[in-house]
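Peer 1: One structure is given below, represented as structure tokens, and several questions about it will come after.
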Amino acid sequence: MKLTRFLMVPVMLAAIALTGPMLDAKEAKQAPVALDGNCAVCLVKSKKIVKGSPRHAVVFDGRTYLFPSEEVKKSFAASPEKYVPALNGDCTICFAHHDGVRNPGKIEHVSFYQGRAFLFPNDSLKAMFEQSPQKYADVDLAHGGKCAVCKIDGGKEIAGKPEFTAIFQGLRYQFPNQSVLQKFQANPAKYTGQKKEGLKTSANTATETKLVSVKGTTGCAACEYGVHPKQDPDELGLAVKSNDGFIYVVEGAHDSHPDLYKSRFQSLKVSVMGKEIARKGKIVWLQPKSIETVQ
């Protein structure tokens with residue numbers, strides 16, 4: 001479905017009005033290159049990775065998109081909403097499970113759903129998306145598709161329409177009509193302020209400090225289980241799923257065991273010994289004493 005007016009602005013202007021014109025290749029140098037310089041149109045229309053050229057560049061929502069020819073560039077400029085990747089190429093699963101953290105995806109781990117491209121940092125997350133794409137396809141739809149302007153200016157919950165959509169910082173904002181869309185475009189900062197919520201601890205039960213030994217398989221705490229390390233809540237976190245179904249979040253693993261942390265999506269078998277510092281249902285947080293891979 002064709003959406004209406006979108007912004008073509010460099011990243012340095014991302015906080016101001018969304019009504020700027022398409023920028024040429026020279027101006028595009030101010031914004032980071034999207035999709036590793038590959039063509040967004042070729043990716044969506046043909047599901048092919050094709051290198052673009054700086055001679056055929058367009059800036060859209062703070063990203064520079066490159067194309068192999070002027071003709072393909074014009075196709076993008078006519079309907080950029082058809083071709084830009086969801087969340088500007090950031091991982092929708094990480095965004096959904098980690099309180100809006102933007103974790104860049106890679107074009108080599110691309111998946112397609114309902115005519116849109118979704119990028120992921122690895123094949124494990126791509127496979128997770130493809131198992132339930134409908135669960136993550138609209139995580140970039142701000143306010144559940146309801147009008148942000150109507151809510152903030154009038155205190156009303158009014159559904160937006162896809163034909164009146166603006167993309168701002170990778171999120172899709174929908175409005176009931178063109179005039180409200182233009183009001184948003186004139187001052188997006190007023191309508192996009194969001195408070196990032198950290199890990200909610202009110203429901204966490206304090207536990208007596210005790211030493212536990214766990215064997216299980218690794219995973220990403222935030223991406224796969226929607227939880228965070230307590231001491232480093234901005235990290236995605238190392239999780240260990242035990243045979244009894246408990247999920248153990250290993251504190252500080254990104255610093256103490258960086259290689260294991262980077263490989264956590266590979267479902268490695270590990271043995272962890274540490275102190276239990278908190279528990280919530282089947283989620284347990286551990287301060288590790290030792291971590292070892294096992295065969």
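Peer 1: One residue is enough: does the range 65-73 have a residue meeting the conditions open to solvent by 40 Å² or more (accessible area, probe 1.4 Å) and either within 30 Å of residue 158 (Cα to Cα) or among the aliphatic types (A, V, I, L, M) (or both)?
Peer 2: Within the range 65-73 (the criterion being open to solvent by 40 Å² or more (accessible area, probe 1.4 Å) and either within 30 Å of residue 158 (Cα to Cα) or among the aliphatic types (A, V, I, L, M) (or both)), the answer is no, since none of the residues qualifies.
Peer 1: Moving on to the next point. Got a number for residues in the range 37-71 being at positive phi and modelled with pLDDT under 95?
Peer 2: 2
Peer 1: Separate question: Pick from the range 57-75 the residues that are part of a strand (DSSP E or B) and not aliphatic (A, V, I, L, M): which of them is farthest from residue 107 (Cα to Cα)?
Peer 2: Looking at residues that are part of a strand (DSSP E or B) and not aliphatic (A, V, I, L, M), I get 60.
Peer 1: Step by step: first the residues of the range 206-228, then only those that are modelled with pLDDT of 90 or more and hydroxyl-bearing (Ser, Thr, Tyr), then the one that is least open to solvent (accessible area, probe 1.4 Å). Which residue is that?
Peer 2: Only one residue fits best here, namely 218.
Peer 1: Mind telling me which of the residues 197, 157, 163 ends up being modelled with pLDDT under 85 and charged (D, E, K, R)? Reasoning before the result, please.
Peer 2: On the way: 157 fails: modelled with pLDDT under 85; 163 fails: modelled with pLDDT under 85.
Criteria check complete, one pass: 197.
Peer 1: It is to be established whether one or more residues within the range 37-56 are open to solvent by 40 Å² or more (accessible area, probe 1.4 Å), basic (Lys, Arg) and in a loop (DSSP other than H, G, I, E, B). Spell out the reasoning first.
Peer 2: Here is the first cut: in the range 37-56, the residues open to solvent by 40 Å² or more (accessible area, probe 1.4 Å) are 45-51, 54-55.
Still in the running and basic (Lys, Arg): 45, 47-48, 51, 55.
So of that shortlist, the ones also in a loop (DSSP other than H, G, I, E, B) come out as 47-48.
Among the residues of the range 37-56, at least one is open to solvent by 40 Å² or more (accessible area, probe 1.4 Å), basic (Lys, Arg) and in a loop (DSSP other than H, G, I, E, B), which makes the answer yes.
Peer 1: Let me ask something additional. Return the total of residues in the range 91-121 being more than 24 Å from residue 46 (Cβ to Cβ) and of a type outside the set (Asp, Glu).
Peer 2: Qualifying residue count, the range 91-121: 10.
Peer 1: If only one of 279, 264 is touching a Cys at 6+ places or on another chain (Cβ under 7 Å), surrounded by 14 or more Cβ atoms within 10 Å (Cβ to Cβ), in contact (Cβ under 8 Å) with a residue 40 or more places away in the chain and not hydrophobic (A, V, I, L, M, F, W, C), which one is it?
Peer 2: Numbers: 279 fails: touching a Cys at 6+ places or on another chain (Cβ under 7 Å).
Unique residue meeting the criteria: 264.
Peer 1: While we're here: Cβ-Cβ under 8 Å, sequence separation 6+ or interchain: first residue in the range 85-106 and open to solvent by 10 Å² or more (accessible area, probe 1.4 Å), partner of a type in the set (Ser, Thr, Tyr). Which pairs?
Peer 2: From residues that are open to solvent by 10 Å² or more (accessible area, probe 1.4 Å), the pairs are 96/136; 97/225.
Peer 1: Is it true that residue 183 is open to solvent by 60 Å² or more (accessible area, probe 1.4 Å), over 30 Å from residue 91 (Cβ atoms) and modelled with pLDDT of 60 or more?
Peer 2: Values: open to solvent by 60 Å² or more (accessible area, probe 1.4 Å): yes; over 30 Å from residue 91 (Cβ atoms): yes; modelled with pLDDT of 60 or more: yes.
Taking the combined requirement at face value, the residue satisfies it.
Peer 1: Here is a further query. Do any helices (runs of 4 or more DSSP H) entirely within the range 214-295 hold 2 or more residues that are among the small types (Gly, Ala, Ser), and if so, which?
Peer 2: Here the list reads 221-225, 253-256.
Peer 1: A follow-up question, please. If you scan the range 229-248, which residues turn out to be open to solvent by 10 Å² or more (accessible area, probe 1.4 Å) and farther than 20 Å from residue 294 by Cα?
Peer 2: Listed by number, the residues that qualify are 230, 231, 232, 233, 234, 235, 236.
Peer 1: Among the residues of the range 134-141, is there at least one that is under 13 Å from the mean Cα position of the chain (by Cα) and assigned to a helix (DSSP H, G or I)?
Peer 2: Yes, the conditions are met somewhere in the range 134-141.
The values are calculated or read from the model by the stated rules, or taken from the named source; none is laboratory data. These numbers come from a predicted model, not from an experiment. Don't worry about glycine lacking a Cβ; one is built from the backbone with ideal geometry, like all the others, and counts go over all protein chains shown. Note: accessible area is taken over every heavy atom of the protein model, side chains too, but ligands, DNA and RNA are not part of it. Shrake-Rupley method; radii C 1.70, N 1.55, O 1.52, S 1.80 Å.
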